[in-house]
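Right, one structure below, let's go through it.
Rule-based calculations on the coordinates, nothing more; no lab input. Here the structure is a predicted model, which means the values were calculated and not measured. Glycine also receives a Cβ, built like all others from the backbone with ideal geometry; neighbour counts cover every protein chain displayed.
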Amino acid sequence: MTAHPPEPAGRVRVGVLLSSLVVPAWVDAAIRDIVASGDAELVAVGITDGPLPESTGSASSGGRRLPIRRVLRRIDRMLDRPIPADQDAFATKDARPLFADVPVLAMRWANHIARTFAEEDLAGLRSGELDVLLWLGDGGRPRGDVLRIARAGLWSFHVGDTRNRRGAPAGFWEVHDRRPVTDATLEILADDPRRNQTLGQTSTATVSTSIMRTRNAVLWSALPILGRALRDLRRQGVDVFLEHVAEDNAPPSFDSNPRYRSPGLSDLVVHGARRAARLAGIVATRPFSRQQWVLYYGLADDLIEDCWRLQPLAPPVDRFWADPHVVMVGEGYFVFVEELPYATGKGHISVIEIDRDGRASPARKVLEEAHHLSYPLVFEHEGEHFMVPESAARGTIDLYRATSFPDRWELVEHLMTGIEAYDATLLREHDRWWLFASVIKYHGAGSGELVLYSSDRLIGGDWRLHPASPLWSDVTGARPAGAILRRHGRLYRPAQDGSGLYGRAIKLNEILELTEDRYREQLVSRIEPTWNRRIRRTHTLAHAGRLTVVDALWRRGRWPISPPSRAEDRAPADDQARPSFTAST
């Protein structure tokens with residue numbers, strides 16, 4: 001491996017290349033993070049004399065040719081509602097206030113087709129003695145000598161599958177072909193894109209009716225990768241950092257399938273028709289039915305793995321029940337759920353009692369706050385019952401204690417504040433408390449990252465970030481799906497698989513190693529929403545004693561009619577029996 005000069009002492013020296021001083025909001029956020037970072041400092045900014053022709057998967061630009069970009073924007077405007085201003089990754093921002101004390105250099109393209117800069121302009125960047133040069137401009141990525149200006153190379157975000165580089169614009173083919181996820185990566189660029197090296201990757205569910213929303217969500221989700229990469233670079237030094245990157249990247253491969261060229265006119269026509277048909281299907285059913293989260297439950301000696309054996313427990317037609325968590329007291333069970341009336345759009349926590357024979361009581365409200373509540377993780381500790389409901393709307397992780405179980409609860413303390421954390425899941429193991437949560441750093445991200453904290457005590461604890469965090473950074477497993485299960489002396493972490501749709505399926509991961517320094521898990525089984533023809537999603541699993549409960553999303557008429565019977569539940573045919581938990585290979 002080629003030796004690099006030792007990195008300068010102190011923070012990582014970063015240069016940024018832009019097409020303009022007016023930048024998209026996601027670029028503005030990335031620069032602000034660098035400026036505020038304790039691991040990096042911004043020492044040079046290069047402004048090009050215009051955007052490059054588009055290459056595959058560029059994060060910044062919308063299309064290879066301006067007509068394509070304009071057509072897709074028109075399709076988005078016709079078929080989609082605007083993104084809220086505080087979540088719009090492409091709202092324009094004036095970046096000049098960020099560069100008050102930073103040299104701003106004019107960068108001229110020596111050759112637009114070859115994507116190279118004029119040599120005399122590269123000298124200005126070289127004088128900055130950069131550790132990292134970051135490309136956040138419009139259009140395709142630069143090539144040539146600029147790739148070797150910084151010690152650790154030229155970094156850039158890429159939207160799309162790196163194994164099959166699709167023609168621009170970013171996200172087009174994922175939406176066009178209704179692929180379940182859209183990926184985003186941070187890469188070290190090479191002259192041959194097949195030799196780009198990945199620094200980190202994430203994914204979000206593809207929004208099948210909108211390129212704009214798909215790209216918006218995945219870019220916000222990808223931004224935390226930059227901060228972690230800069231942190232690792234500072235801690236490891238350039239040589240060790242690049243060695244680790246090379247070890248983590250497989251030999252280059254490239255799928256040259258011509259199906260994924262840049263779209264032409266016929267593709268745009270088909271694309272518009274497909275998205276219009278998808279949206280029409282949604283609009284046509286909305287006046288007559290709504291999607292409703294319901295419960296399925298059953299009693300057995302162990303966790304029920306064949307979900308078609310469970311029986312439905314449906315709420316009234318004007319609300320839904322989701323996120324079940326089960327506590328066994330004596331021979332009875334208390335199922336805590338998020339209950340959300342459609343009229344208010346705000347969730348509270350309710351409880352349903354189920355006796356030893358499977359008879360269920362009506363739901364009754366036990367906890368309501370001014371903000372939305374969901375995912376009521378309830379557990380017993382030292383003879384008392386505690387609850388940690390999701391309170392991301394308030395920016396906290398809150399601990400409640402039962403003053404009269406199960407109906408009355410008081411706030412004990414904020415375990416954490418200033419955090420957008422979803423589905424916090426606590427586990428007591430090895431004389432420590434462990435807290436798993438899906439954390440979103442940027443409002444508008446389509447997927448959080450699974451982060452792990454630990455503390456030596458529950459109340460008044462010092463919650464420390466686990467060094468393996470984030471454990472997951474993509475939509476296929478980064479969000480908890482229920483309390484940690486103990487089965488036959490082993491621990492299993494339920495996780496949501498949100499590929500294609502939010503909360504589509506459940507994965508069950510066995511925790512193989514959990515210490516203050518290390519974490520490992522592996523997929524052992526999964527629940528797919530296939531045991532009833534009406535079910536579209538299932539995203540929380542609960543089990544205690546003999547009771548198993550899952551939630552499921554089905555479509556139901558808007559009027560108060562009798563809920564469906566178990567006649568629609570179906571066992572697999574003998575010649576193709578497939579339990580809902582399918583063993584992973």
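The table below lists the values:
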| quantity | calculated |
| --- | --- |
| D_trans [Stokes-Einstein, Kirkwood Rh over alpha-carbon pairs] for the stretch 288-558, 4 °C, 1.567 mPa s, µm² s⁻¹ | 69 |
| Potential lengthening between Glu368 and His244 on full extension [0.36 nm per residue; Cα-Cα distance subtracted] | 39.8 nm |
| Sorted by Cβ density within 10 Å, fewest first, the residues Met416, Met328, Met107 | Met328, Met416, Met107 |
| Projected label distance in nm at Arg32 and Arg534, using a 7 Å step from Cα toward the beta-carbon | 4.6 |
| Approximate shape of the stretch 358-418 as ellipsoid semi-axes (Cα gyration tensor, √5λ), whole Å, largest first | 21, 15, 10 |
| Reachable lysines from Lys346, criterion Cα separation under 20 angstrom, eight or more residues apart if same chain | Lys365 |
| For the stretch 512-518, Karplus couplings with θ = phi - 60° (6.51, -1.76, 1.60), whole Hz, Gly/Pro x | 8, 8, 9, 9, 5, 10, 9 |
| Residue-by-residue Karplus 3J(HN,Hα) for the stretch 298-306, coefficients 6.51, -1.76, 1.60, Hz, glycine and proline x | x, 10, 6, 6, 9, 3, 7, 8, 9 |
| Inter-label distance for Ile282 and Ala123, nm, one decimal - labels placed 7 Å from Cα along Cα-to-Cβ | 5.5 |
| Centre separation in Å (Cα based) which lies between the stretch 332-378 and the stretch 16-44 | 45 |
| Likely footprinting exposure, Ile459, Ile83, fewest C-beta neighbours within 10 Å first | Ile459, Ile83 |
| Under Karplus coefficients 6.51, -1.76 and 1.60, residue-wise ³J(HN,Hα) of the stretch 186-199 in Hz, glycine/proline x | 9, 10, 8, 7, 10, 4, 9, x, 5, 9, 4, 10, 7, 9 |
